[in-house]
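K.L.:
To start, I am sharing the structure in question, which I have written as structure tokens.
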């Protein structure tokens with residue numbers, strides 16, 4: 001019979017591998033020109049992912065649940081680097097093609113919330129509240145990608161569906177563990193599952209046309 005410690009480890013590792021696979025798939029889509037990411041949002045997510053990882057790990061530093069937040073931070077770094085490198089290469093070649101979209105007010109607002117959450121953690125040591133604040137306000141950083149995906153369909157559903165599966169695996173790992181803050185830790189995977197599921201749904205042309213009131 002699978003022990004209580006084995007189950008969190010199994011799903012924690014599954015969450016980690018799925019999350020990394022999603023980033024690899026996403027980066028491949030960028031290189032092939034199939035995905036046109038909003039690099040401004042990815043940079044904001046990079047800042048937010050760092051804050052979320054540090055505060056989440058401070059709640060319970062067991063690797064089975066902290067692995068995915070760490071992978072998220074590293075993945076955001078990689079995607080932003082790939083996107084920025086492609087833009088720089090275009091400019092070096094004399095092309096004016098825009099690989100990514102410029103930063104918007106919502107992006108700066110998202111960074112403000114993340115830095116506020118980090119300041120709260122530093123000032124009070126309250127990792128739980130700081131993490132919940134950083135996670136729940138991350139919806140602001142998803143607004144540009146929701147908008148651009150609805151209008152232009154620049155996202156592919158595959159990576160986002162993989163990330164959804166990763167967050168579900170992380171949720172199982174959290175709930176199956178014996179941590180005292182399982183409810184607070186559940187906010188991260190559950191919330192990001194919902195945010196990512198919206199992007200995945202908007203990636204499908206039929207749903208986009210229906211939401212825009214067009215003939216399906």
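K.L.:
Residues that are out of contact with any strand residue (DSSP E or B) (no Cβ under 8 Å at 6 or more places or on another chain), under 19 Å from residue 73 (Cβ atoms) and surrounded by 22 or more Cβ atoms within 10 Å (Cβ to Cβ): does the stretch 201-208 have at least one?
P.N.:
no
K.L.:
Out of (1) surrounded by fewer than 21 Cβ atoms within 10 Å (Cβ to Cβ); (2) modelled with pLDDT of 80 or more, the odd one out for residue 91 is which?
P.N.:
In the conditions (1) surrounded by fewer than 21 Cβ atoms within 10 Å (Cβ to Cβ); (2) modelled with pLDDT of 80 or more, residue 91 misses (2) alone.
K.L.:
Okay, moving on. Within the stretch 181-190, can one find any residue that is closer than 23 Å to residue 118 by Cβ and out of contact with any helix residue (DSSP H, G or I) (no Cβ under 7 Å at 6 or more places or on another chain)?
P.N.:
Yes, the stretch 181-190 has at least one match.
Yes or no, residue by residue, for (1) under 21 Å from residue 149 (Cβ atoms); (2) surrounded by 22 or more Cβ atoms within 10 Å (Cβ to Cβ); (3) modelled with pLDDT of 80 or more; (4) touching a strand residue (DSSP E or B) at 6+ places or on another chain (Cβ under 7 Å):
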{"site": "15", "(1), (2), (3), (4)": "no, yes, yes, no"}
{"site": "36", "(1), (2), (3), (4)": "yes, no, no, no"}
{"site": "42", "(1), (2), (3), (4)": "yes, yes, no, no"}
{"site": "68", "(1), (2), (3), (4)": "no, yes, yes, no"}
{"site": "84", "(1), (2), (3), (4)": "yes, no, no, no"}
{"site": "96", "(1), (2), (3), (4)": "no, no, no, no"}
{"site": "105", "(1), (2), (3), (4)": "yes, no, no, no"}
{"site": "110", "(1), (2), (3), (4)": "yes, yes, yes, no"}
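K.L.:
Could you go through the stretch 154-170 and let me know if any residue there is without any contact (Cβ under 8 Å) to a residue 40 or more places away in the chain, under 22 Å from residue 108 (Cα atoms) and surrounded by 16 or more Cβ atoms within 10 Å (Cβ to Cβ).
P.N.:
no
K.L.:
Can you confirm whether residue 150 is at pLDDT below 95 and more than 28 Å from residue 21 (Cβ to Cβ)?
P.N.:
Answer is no for this residue.
K.L.:
Cβ-Cβ under 7 Å, sequence separation 6+ or interchain: first residue in the stretch 116-143 and at pLDDT 90 or above, partner in a loop (DSSP other than H, G, I, E, B). Which pairs?
P.N.:
120/126; 128/181
The values are calculated or read from the model by the stated rules, or taken from the named source; none is laboratory data. These figures come from a predicted structure and were not determined experimentally. Cβ atoms come from the backbone with ideal geometry, glycine included; neighbour counts cover every protein chain shown.
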